[in-house]
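S.K.: Sending over a structure as structure tokens; questions will come in a sec.
The values are calculated or read from the model by the stated rules, or taken from the named source; none is laboratory data. Worth saying up front: this structure is predicted, and the values here are computed from it rather than measured. All Cβ positions, even for glycine, are placed from backbone atoms using ideal geometry, and neighbour counts span all protein chains on display. Areas reflect the complete protein model, heavy atoms only, side chains present, ligands, DNA and RNA absent. Shrake-Rupley method; radii C 1.70, N 1.55, O 1.52, S 1.80 Å.
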Amino acid sequence: DAEEYQPPIWKSYLYQLQQEAPRPKRIICPREVENRPKYYGREFHGIISREQADEILAGVEGAYILRESQRQPGCYTLALRFGNQTLNYRLFYDGKHFVGEKRFESIHDLVTDGLITLYIETKASEYISKMTTNPIYEHIGYATLLREKVSRRLSRTKNESRKASVTSEDNTPVEKITSLVRRAALTQNDNHFNYEKAHNFKVHTFRGPHWCEYCANFMWGLIAQGVRCSDCGLNVHKQCSKYVPNDCQPDLKRIKRVYCCDLTTLVKAHNTQRPMVVDSCIREIEARGLKSEGLYRVSGFTEHIEDVKMAFDRDGDKADISASIYPDINIIAGALKLYFRDLPIPVITYDTYSKFIEAAKISNPDERLEAIHEVLMLLPAAHYETLRYLMIHLKKVTLHEKENFMNAENLGIVFGPTLMRPPEDSTLATLNDMRYQKLIVQILIENEDVLF
């Protein structure tokens, strides 16, 4: 288990320094102070100058008081003795005490954490600056445990891709295909099979001593000592997180739901090429719904669609969406559309949205197709694969147009706003782009064999 794995040797130098750091010493005001804020204790000395604070704290390492500013009444300062000098910090309170990013339940904890940080950064500034130069990450621990499994999956997928490419090359005379078709058929971008995913790091407070899984050094401080990936559980220093590769392997135990989950995260957690919701719904629709009149245009009952969503969230790929449970195929089609609408990052990502819109505005059909193909190559691998699979499916839907009355243009109207949304939440931008959204999806369906 990558989360439980620990390298054999931790670097304990910073831990030893934390143990040596000065302890906080509260200097109590000998008199009763009027108008003392209720969230401060007797360490509050009222309105006094920096010079007075310096006299009170002189010679006592780790000593601290609180004071009100002479120049700005109502503003409060933490005066702290460290390194034979008095340091003054603007102090804030919003239910918790803070002078920077970290928020503390008590002034004592704030000062304790501050003294630890000051001491370690003073004693080991050069050491800290070099911590990321010889990481353990690449040699032992998290990366090594997961590398073999990932490599096997990627090599298997790439081999399948190469087989498909060779077939295309053998069966199609080179002189008869355009440069676009040749690239689409014979050249596969490796990124489309290497599902890279950045870690989803969030500031975390660790209970008890904790070490960084990138550099193996102790994570110092009382709270918010480092960051943890909420998808895979990797724990590292905040500064080390900048050097961790995009190799997050989400843990199913940490993925709480299927809908509203980042597409790449879900795919990697389930170790699949595409979200299993997409596979399950399309499989069901193609088995019994391709000839259904108004497929994807006709809405199913909202409460039944929500039931399907809850089933996937609860049961994952074991969710039962068969005809015996949901005889109306429009419920399954509605659940698939809802999955795409609920994605935090749309299938056609915010980063590529404007490029797709610009490509759609090109009047020359060949140039437009070329431009769309170029933008497709910019999609993250899981998004590309999901879009490719969906377009193959929607092409099948159009082959039954006589029965279902759904051609590529109609499906473009339905799926345009579902698959792509402007980065800024602007109603005007959405309305202005709707015809281009429709056109993009229509072109993707009609040319899926060339574009993908």
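S.K.: At 1.4 Å probe size, with no ligands or nucleic acids counted, give the accessible surface of ILE136 in Å², nearest ten.
M.R.: Answer for ILE136: close to 20 Å² accessible.
S.K.: So, R0 is 41 Å and r is the distance between the beta-carbons of MET377 and SER426; what FRET efficiency does that work out to, to 0.05? Walk me through the intermediate numbers first.
M.R.: Working: r = 27 Å, r/R0 = 0.66.
Calculated value: 0.90.
S.K.: Run the reach check for LYS361 against aspartates and glutamates, Cα to Cα strictly under 13 Å, same-chain hits fewer than 8 apart removed. What comes back?
M.R.: The qualifying aspartates and glutamates are GLU370, ASP433.
S.K.: With +1 on the Cβ of every Lys and Arg and -1 on the Cβ of every Asp and Glu, and nothing else charged, how large is the dipole of the stretch 345-452 about its Cα centre, in debye rounded to the nearest 20?
M.R.: Details: 10 positive and 16 negative charges, 49 e Å.
In total the dipole reaches around 240 debye.
S.K.: How high is the relative contact order of the chain, given as a whole-number percent (alpha carbon pairs under 8 Å, six or more residues apart)? Display every interim value, and only then the final one.
M.R.: Values: 665 pairs, mean separation 55.1, N = 452.
The normalised contact order for the chain reaches 12 percent.
S.K.: Can I ask one more? Which of the peptides 423-431, 348-356, 326-334 is most tightly packed, and how do the rest follow, going by the mean number of other Cβ atoms within 10 Å of each residue? Show your work: numbers first, answer last.
M.R.: On the way: 423-431: 10.7, 348-356: 18.2, 326-334: 21.1.
Result, highest mean first: 326-334, 348-356, 423-431.
S.K.: Oh, and also: What whole-number distance in Å separates the alpha-carbon centres of the stretch 34-70 and the stretch 290-309?
M.R.: So the separation of the two Cα centres works out to 67 Å.
S.K.: Which FRET efficiency, nearest 0.05, do GLU126 and ALA58 yield, Cβ-Cβ r, R0 22 Å?
M.R.: Efficiency at R0 = 22 Å is approximately 0.15.
S.K.: Mind checking which aspartates and glutamates have their C-alpha under 20 Å from LYS123, skipping anything on the same chain fewer than 8 residues away?
M.R.: LYS123 reaches GLU20, GLU61, ASP113.
S.K.: Say the cut-off is 31 Å between C-alpha atoms; which of LYS197/LYS355; LYS318/LYS396; LYS268/LYS291; LYS291/LYS438; LYS242/LYS395 go over it?
M.R.: LYS268/LYS291; LYS242/LYS395
S.K.: Right, another one. For a label point 7 Å from the Cα of ARG435 along Cα→C-beta, name the residues of the stretch 362-387 whose backbone N is under 20 Å from it.
M.R.: Backbone N within reach: 362-369, 372.
S.K.: If you don't mind, there's one more thing I want to ask. Using the Cβ atoms and a cut-off under 13 Å, what net charge is assigned to the surroundings of ILE128, where Lys and Arg are +1 and Asp and Glu are -1?
M.R.: +2
S.K.: Expected output is a single nm value to one decimal: the length gained when fully extending between ASN134 and LEU87, i.e. 0.36 nm times separation in residues minus the C-alpha distance. What is it?
M.R.: Computed gain between ASN134 and LEU87 is 13.5 nm.
S.K.: Enter the accessible area per residue of the stretch 276-450 (Å², integer; probe 1.4 Å; all protein chains in place).
M.R.: On the way: 7930 Å² over 175 residues.
Per residue, the stretch 276-450 has 45 Å² of solvent-accessible surface.
S.K.: Rank these by accessible area, largest first, 1.4 Å probe: LYS291, LYS238, LYS396, LYS309. Please list the in-between numbers first.
M.R.: Values: LYS291 125, LYS238 100, LYS396 80, LYS309 40 Å².
Heavy-atom accessible area, descending, gives LYS291, LYS238, LYS396, LYS309.
S.K.: Only Lys, Arg, Asp and Glu count, each charged at its Cβ (+1, +1, -1, -1), so figure out the dipole size of the stretch 392-452 about its Cα centre, rounded to 20 debye.
M.R.: 80 debye
S.K.: Of ILE362, ILE345, ASN404, whose Cα points farthest to the positive end of the dipole of the stretch 329-404 (charges on the beta-carbon: +1 Lys, Arg; -1 Asp, Glu; origin at the Cα centre)?
M.R.: The listed residue farthest towards the positive side: ASN404.
S.K.: Now for a separate question. What's the FRET efficiency of SER354 with ARG42 using the Cβ-Cβ distance as r and R₀ = 60 Å, to the nearest 0.05?
M.R.: So, using R0 = 60 Å, E works out to roughly 0.50.
S.K.: Suppose every Lys and Arg Cβ carries +1 and every Asp and Glu Cβ carries -1, with no other charges. What dipole size does the chain come out with about its Cα centre, to the nearest 20 debye?
M.R.: Its charge dipole is roughly 860 debye.
S.K.: Report the extension gain between ARG297 and ARG314 in nm, rounded to one decimal, defined as 0.36 nm multiplied by the number of residues separating them, less their alpha carbon distance.
M.R.: So the extension gain works out to 3.4 nm.
S.K.: Sorting LEU263, LEU378, LEU439 by accessible area (1.4 Å probe), largest first, what list results?
M.R.: On the way: LEU263 0, LEU378 100, LEU439 40 Å².
Sorted descending by solvent-accessible area, the residues read LEU378, LEU439, LEU263.
S.K.: Multiplying the sequence separation of VAL450 and ALA323 by 0.36 nm and subtracting their Cα-Cα distance, what value in nm do you get?
M.R.: Full extension from VAL450 to ALA323 adds 42.3 nm.
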